[in-house]
Structure formats: structure tokens, C-alpha cells
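A short worksheet on the structure shown next.
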Amino acid sequence: MAGRLLAIGECMVELMQAEGGLMRKSFAGDTFNAAYYARLYLPSDWTVDYFSAVGKDMISDEMLAFMQERGIGTEHVARLDGHAPGLYMIHLKDGERSFSYWRSVSAAKLLARDGDRLRKAIEASDIIVFSGITLAILPAEDIETLLSELRRAKAAGKRVVFDPNIRPRLWDDADRMRAAITEGARAATLLMPSLDDETTHFGDASLEETIARYRALGVAGQVVKDGSEGATLVFGDERSHVPSAKVEKIVDTTSAGDSFNGAFLARLATGASPEDAARFAADVAAAVIQHHGALVAREKLPKG
């Protein structure tokens with residue numbers, strides 16, 4: 001059955017290490033990465049769109065062309081004068097990554113400024129994906145605009161997917177961060193958190209505490225990711241665990257969670273059980289982290 005997935009957030013210019021001390025340019029961002037992998041595995045009668053904002057400069061033109069070439073719709077990406085995409089650089093050490101960011105004039109910070117535009121895009125979609133980073137870059141009043149529209153979507157029966165993706169460096173206050181993440185979860189029907197984030201920033205003593213805290217917010221489904229330990233799935237009264245896929249050598253963990261999210265949603269949307277979707281997503285994430293960069297070419301990934 002045909003459908004439409006809408007990912008909301010910030011796509012950035014990505015600089016990564018290349019041979020000879022050079023840097024390679026690409027474009028990536030957590031919800032865009034998820035959209036990319038969802039697009040790879042959704043059937044052709046599904047539409048995948050990105051909702052964001054960019055500038056009117058040359059690099060913004062390149063970014064939009066990049067999205068379109070990969071089958072991601074850009075009709076919901078606003079063009080704003082005086083702004084440009086943000087930029088980040090990946091630093092790698094033994095396969096683990098850290099980042100440096102330049103995003104002070106990022107147009108994506110204004111993505112929710114036009115509430116009517118936001119509502120139109122959400123109403124036209126079946127699955128809506130957003131993250132804690134989406135919330136973190138927005139002014140307080142625009143966070144409420146976005147969450148209000150997502151609550152409406154949830155009430156209308158749409159699948160609203162939230163990855164808390166907690167990045168404290170993006171927030172000016174830890175309590176405000178936790179409050180916004182909590183409200184983001186409350187607006188969702190499917191939550192895809194990382195257990196390490198939850199224990200670190202919410203003080204959960206166990207997986208059980210994380211699941212119970214989010215269940216109390218009215219979240220119908222949870223996929224709690226725990227790195228090499230796999231993922232725990234809670235859908236209504238059904239609970240299961242899916243192990244991670246084996247990896248011979250970790251090259252770059254960038255987009256491990258994002259690729260899992262996108263592949264999982266693609267399989268779930270086309271009728272797979274949560275367990276089967278998670279097993280496939282674990283295989284995709286395992287392939288992704290054996291290559292450099294956030295977006296790995298289709299031929300290097302599992303078929304499906």
C-alpha cells in the first residue's frame with residue numbers, strides 16, 4: 001500500500017576524513033539519514049519527503065540537488081535569505097566518532113516558524129519522523145508549534161516517530177532539554193531511544209525504568225537501542241529482544257542509529273513484524289558502521 005514518510009529536521013554539510021589528509025564533502029543529519037535509509041528500502045509507491053529550511057546560496061542548491069538525486073522530496077524545504085546550511089566535521093578514533101559543528105546561521109533553526117506550512121506537510125503524510133536534535137535547534141516558541149502539530153497528527157491516527165537523540169551541547173539548560181524530550185515523547189506513537197542516552201541524561205537505573213517512564217507518557221511502541229546488546233521492542237503487551245548483528249571491524253559509527261531507524265521504519269511500514277523489522281535494521285546498521293560517513297551506498301548494504 002502506497003504511503004508518505006516525512007522526516008523533519010536539519011540536514012548539514014558533512015566533512016569527513018579521506019586519504020592523504022584530505023576531507024570529503026557530503027550532506028547528512030540524523031533525520032535526513034533516517035529518511036535516506038527508509039527511501040532505500042521502501043517500495044517505489046512510497047514517497048519520502050524532507051521538511052526543513054536552507055538558504056539561497058550555492059551550497060544550499062547543492063544540498064537540495066543531493067536530496068533529489070537520492071529520491072528525497074524537497075518541496076517542503078523552505079529557502080530563506082541570509083541563512084545557510086550548518087556544517088559539521090567528523091573526527092574518528094578507533095571507529096568511534098566525535099564532531100565539530102558550525103551552525104550559527106543555519107536556516108534549519110527556522111524550520112517551524114511557518115505553522116501553516118508545517119501543518120500542510122504533516123497532514124499530507126502517514127509517517128512523521130523527528131528527533132531530539134530537531135527540537136534542540138529550535139527557539140522555544142517554535143518547539144511548541146512543532147509539538148502541537150505532532151500531537152494533532154497523533155490524535156488523527158498517524159504514526160509519529162521520535163528518536164530522542166539527546167545532545168546536551170545543543171541545549172542551554174539540562175532541565176529544559178529533559179522537558180522538551182519528554183514532551184517530544186508524549187507527542188509520539190513510536191519511540192526509538194538509545195539506552196545509553198537515557199541512563200546518562202535521565203538517570204534511569206535500568207532498561208526497565210526507561211521503558212516504564214516512556215510508557216507512562218502514552219507512547220504505544222518503543223524500540224530501545226542498546227548498541228552491541230541489541231534492541232528491546234515493546235509494542236502494547238508484546239515485548240521481545242533482537243540481538244545486534246555481528247561486525248568484523250568497526251570503521252565509523254556515524255549514522256548507526258539513524259540507519260537502524262530508517263530501515264526499521266521501511267520494513268514496519270510494509271507489513272513486517274517489529275521483530276523482523278528490527279532484525280533487518282540491525283543488519284543494515286552493522287553494514288553502515290563498516291564504512292565511512294553517514295550515508296552508505298546501496299550496493300554496500302543488505303538487499304531488501
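Rule-based calculations on the coordinates, nothing more; no lab input. What you are looking at is a predicted structure, and each value in this text was computed from that prediction instead of being measured. As a convention, Cβ positions derive from the backbone with ideal geometry for all residues, glycine included, and neighbour counts pool all protein chains shown.
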**Prompt:** Helix-derived [θ] at 222 nm for the chain: sum -39500 (n - 2.57) over DSSP H runs of at least 4, divide by residue count, nearest 500?
**Reply:** -11000 deg cm²/dmol
**Rg/Rg_globular for the stretch 187-303, with Rg_globular taken as 2.2 N^0.38 Å and Rg from C-alpha atoms** = 1.05
**Complete:** Per the rule of 0.36 nm per residue minus the C-alpha distance, extending A220 to A205 adds in nm 3.2 nm
**Message:** Using a 7 Å offset from the Cα along the Cα-to-Cβ direction at both A140 and S44, what is the distance between the two label points in nm, to one decimal?
**Reply:** 5.0 nm
**Asked** Given the stretch 149-194, what whole percent of its Cα pairs are spread farther than 18 Å?
**Response** 31 percent
**Item:** Which listed pairs, of K154/K300; K25/K93; K225/K300; K246/K300, have C-alpha distances above 27 Å, in listed order
**Value:** K154/K300
**Request:** May I ask for the longest run of the chain untouched by GluC sites (Glu not before Pro) that are loop-located per DSSP and have at most 11 neighbouring C-beta atoms (other than their own) within 10 Å?
**Result:** 76-247
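Apply 1/(1 + (r/R0)^6) to the Cβ-Cβ distance of R213 and E62, taking R0 = 45 Å, and write down the FRET efficiency to the nearest 0.05.
0.60
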**Asked** Using 1/(1 + (r/R0)^6) with R0 = 22 angstrom and r between the beta carbons of A155 and A124, what's the FRET efficiency to the nearest 0.05?
**Response** 0.85
**Prompt:** Straight-line reach from K109: which lysines have a Cα under 16 Å away, not including same-chain ones fewer than 8 places off?
**Reply:** K56
**Request:** Work out, step by step, the length gained on full extension between K303 and A2: first 0.36 nm times the residue separation, then minus their alpha carbon distance; give nm to one decimal.
**Result:** 106.3 nm
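What stretch of the chain, leaving out the sites themselves, is the longest with no trypsin sites (Lys or Arg not before Pro) in a DSSP loop having at most 12 other Cβ atoms within 10 Å?
The reported range is 1-245.
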**Message:** Give me F130, F51, F280, F66 sorted ascending by neighbouring Cβ count inside 10 Å, so fewest comes first.
**Reply:** F66, F280, F130, F51
**Asked** Under a plain spin-label model, where a point goes 7 Å from the Cα along Cα-to-Cβ, how far apart in nm are S26 and T182?
**Response** 3.7 nm
**Item:** Centroid-to-centroid separation of the stretch 260-287 and the stretch 193-259 [C-alpha atoms, Å]
**Value:** 14 Å
**Item:** Contour minus Cα-Cα distance for S273 and D116 (0.36 nm per residue)
**Value:** 53.0 nm
**Asked** Given a cut-off of under 8 Å on Cα pairs at least six residues apart, what relative contact order in percent is computed for the chain?
**Response** 17 percent
